[in-house]
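Q: I have a structure I would like to understand better, so I am pasting it below and will then ask my questions one at a time.
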Amino acid sequence: MLLIRLAWRSLWRNWRRSLIAMSAVIFAITLSIIQRGMQYGTYAETIKTAVRVSTGYLQIQKIGYNKNPTLQKSFDLNRQIADAVKDIPQIDGSSPRIQADALLSYRDQSLGVMIMGVSPKTEDLITDFPKKIDAGRFLSADTGGHNRAVPEIVVGYKLLQNLNAQVGDSVVVLAQGFDGILGNMFVRIVGTFKTGSDEFDRMGGFMEISDLQSFLGMGERINAVAMSVRNPKDLQSIVDRLNPVLKPMGLVALPWQDLLPQLKQMIELDNSSGVLYIIILLFVVGFGILNTVLMSITERFREYGVMLSLGMSQERLVVAVALEIFFMLIMGFIIGNGIGAAVNAYWIRHPIVLGGDVAKLYQEYGFAPILASSLSFKIFVDSSLTIMGISIVAAVYPLWRVLRLEPLKGIRYT
């Protein structure tokens, strides 16, 4: 108890010196939390944006379909699959999908297109496609495809421009059906979408799933069931619950990491560069902490020499100095974590939306043009433990100097 009181009083006897040492810790942990929070928040927004304009957070597919998608790798959405999805409360919604490559022709223009058959009633639970309409409207959810004289299609705005067509025009779709026979039909363009993805806006299209099933001769078969989840952290547990039910039927549940491997690789690469930046920062800050603590201890060698001369053992003196450094680190951690949490909380509520060429650059590399943040507990734990480790290493040499200090040399030290 005596050593604790001694360490606490020594810490505040020269409060300017203590604040200088503490500021290095506060700066390091605050910057680490803010930087990692920005990375984690931006990743979460990027993942959310990517899955909301393409795959959903996870899909049920035929085994092997993800690597080599074909119409033949399709399945019936039976009651067992529907019940398995319904029994998992973490799943927020599901929607069936069909995907087919086709040729879209209007007058003397013919362009390749990837047509996705979706259910308008449930698609907005999985993706933001119905909200990405640039002109016209999305597919109608009020009437089934069999009640329309001409099937409807929604295409990317760039695809419409390249066809030299307009909303309301009828175009011809040519595609190979489930049985391998080429077929064609007239469809009416009822709207265009603008997702921000140049490739999809140039080659993508949507049709009501029953229209596409009928055209391709697939009956009730589908290629995938796309799903959304309440919390992305539950993805792996959902996959683990679904796969034992699905695999006996030749199906598999795949999370977005398997559906969008390029996005996963880009995030891992960017995260690695962020970790390298933090390591460099911590080494710089570590030397700052070492210099500050060493200066603080060295200028008190005469005081330590007197304490040793009065009978205090070197081991107890080292413990007292170590407690002083520990108190300084703890206060630095508390203040640094508090500032970091406040800044991250502000950026969660007020994310920075990028524009202009910077936004285009972010989109080109697959990231959402938004700088958000995160209050993930992992950020605070990792940052605190890392700074703690660096600080302990930085304090070893000053404590070793105290341990090796001789009373007479300490008293004579100038």
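Values quoted throughout were computed directly from the atomic coordinates according to the rules given, and no laboratory measurement underlies them. Keep in mind the model is a prediction, meaning the values are calculated, not measured. Here Cβ is always computed from backbone atoms with ideal geometry, including for glycine, and neighbour counts include all displayed protein chains.
Q: If you place +1 on the Cβ of every Lys and Arg, -1 on the Cβ of every Asp and Glu, and leave all else neutral, what size is the dipole of segment 56-256 about its Cα centre, to the nearest 20 Debye?
A: Values: 21 positive and 22 negative charges, 55 e Å.
Result for segment 56-256 is approximately 260 debye, rounded to the nearest 20.
Q: Tabulate in residue order the Karplus-calculated ³J(HN,Hα) for segment 250-259, using 6.51 cos²θ - 1.76 cosθ + 1.60 with θ = phi - 60°, rounded to whole Hz; enter x for Gly and Pro.
A: Coupling constants for segment 250-259: x, 10, 8, 9, 10, x, 4, 4, 7, 7 Hz.
Q: Moving to a separate point now. Provide, for q = 0.11, 0.12 Å⁻¹, the log10 of I(q)/I(0) from a solvent-free Debye sum over equal Cα point scatterers in segment 252-345.
A: Listed by q, the Debye log ratios stand at -0.61, -0.67.
Q: On to the next question. Principal axis lengths of the chain from Cα atoms, whole Å, largest first?
A: Cα spread of the chain along its principal axes, largest to smallest: 102, 48, 32 Å.
Q: Another question about this same structure. Please give, to one decimal in nm, the separation of the simple spin-label points placed at L77 and M331, each 7 Å out from Cα toward the Cβ.
A: 6.2 nm
Q: Looking at the chain, send over the antiparallel percent of its DSSP beta bridges, to the nearest 5. Before the final figure, lay out each step's value.
A: Details: 46 of 56 bridges.
Percent antiparallel among DSSP bridges in the chain is about 80.
Q: Explain nothing, just compute: Karplus ³J(HN,Hα) = 6.51 cos²θ - 1.76 cosθ + 1.60, θ = phi - 60°, for every residue of segment 276-290 in order, whole Hz, x for Gly and Pro.
A: Computed from phi, the couplings for segment 276-290 are 4, 4, 5, 4, 4, 4, 5, 5, 4, 5, x, 5, x, 5, 4 Hz.
Q: Between D382 and M312, what is the label-point separation in nm under the 7 Å Cα-to-beta-carbon projection?
A: Those two pseudo-labels are separated by 4.1 nm.
Q: Could you tell me which residue out of Q161, G56, L174 lies farthest along the dipole of segment 56-256 toward its positive end? Charges go on the beta carbon: Lys and Arg +1, Asp and Glu -1, centred on the Cα centre.
A: So the residue furthest toward the plus end is G56.
Q: Right, here's the next one. What is the spin-label model distance, in nm, from A149 to N164 if the labels are put 7 Å beyond Cα along the C-beta direction?
A: 2.8 nm
Q: Å³ per residue of the Cα convex hull, for segment 1-160? Working shown, then result.
A: Working: hull volume 43.3 nm³, N = 160.
Dividing the Cα hull volume of segment 1-160 by its residues yields 271 Å³.
Q: Is it possible to state the helix-based mean residue ellipticity at 222 nm for the chain, with each DSSP H run of 4+ residues giving -39500 (n - 2.57), the sum divided by total residues, to the nearest 500 deg cm²/dmol? What is it?
A: Values: 14 runs with 220 residues, N = 414.
Counting only the DSSP helices, I get -17500 deg cm²/dmol.
Q: Still on this structure, I have one more. If Lys and Arg each add +1 and Asp and Glu each add -1, what is the summed charge of the other residues whose beta carbon sits under 14 Å from the beta carbon of G177? Let's see the in-between values first.
A: Working: positive: R221; negative: D101, D179, D211.
Once all neighbours under 14 Å are counted, the net charge is -2.
Q: Could you point to the residue in N243, S140, Y65 farthest towards the positive end of segment 56-256's charge dipole, with +1 and -1 charges on the Cβ of Lys/Arg and Asp/Glu respectively?
A: Going by the Cα projections, it comes out as N243.
Q: In angstroms, what radius of gyration and Dmax does segment 56-256 have, counting Cα atoms only?
A: 16.9, 51
Q: Starting from the amide H of D134, placed 1.01 Å from N in the peptide plane, find each other amide H under 5 Å away whose residue is 5 or more places distant or on another chain.
A: Result for D134 returns T192, F193, K194.
Q: What are the ³J(HN,Hα) couplings of segment 182-190, residue after residue, when phi is run through the Karplus curve with 6.51, -1.76, 1.60 and θ = phi - 60°? Round to Hz, x for glycine and proline.
A: 6, x, 9, 7, 8, 10, 10, 6, 9
Q: Please list the non-local residues whose amide H lies under 5 Å from the amide H of I370, H modeled 1.01 Å from N, same-chain partners needing a gap of 5 or more.
A: L354
Q: Mind checking which of M218, M114, S228 is farthest towards the positive end of segment 56-256's charge dipole, using Cβ charges of +1 (Lys, Arg) and -1 (Asp, Glu) about the Cα centre?
A: The one lying farthest along the dipole's positive direction is S228.
Q: Further question: Work out, step by step, the length gained on full extension between V396 and L276: first 0.36 nm times the residue separation, then minus their alpha carbon distance; give nm to one decimal.
A: On the way: separation 120, 0.36 × 120 = 43.20 nm, distance 2.41 nm.
Here the segment from V396 to L276 would lengthen by 40.8 nm.
Q: Nothing charged except the Cβ atoms of Lys and Arg (+1) and of Asp and Glu (-1): what's the magnitude of the dipole of the chain about its Cα centre? Round to the nearest 20 debye. Walk me through the numbers before you get to the answer.
A: On the way: 40 positive and 34 negative charges, 403 e Å.
About 1940 debye.
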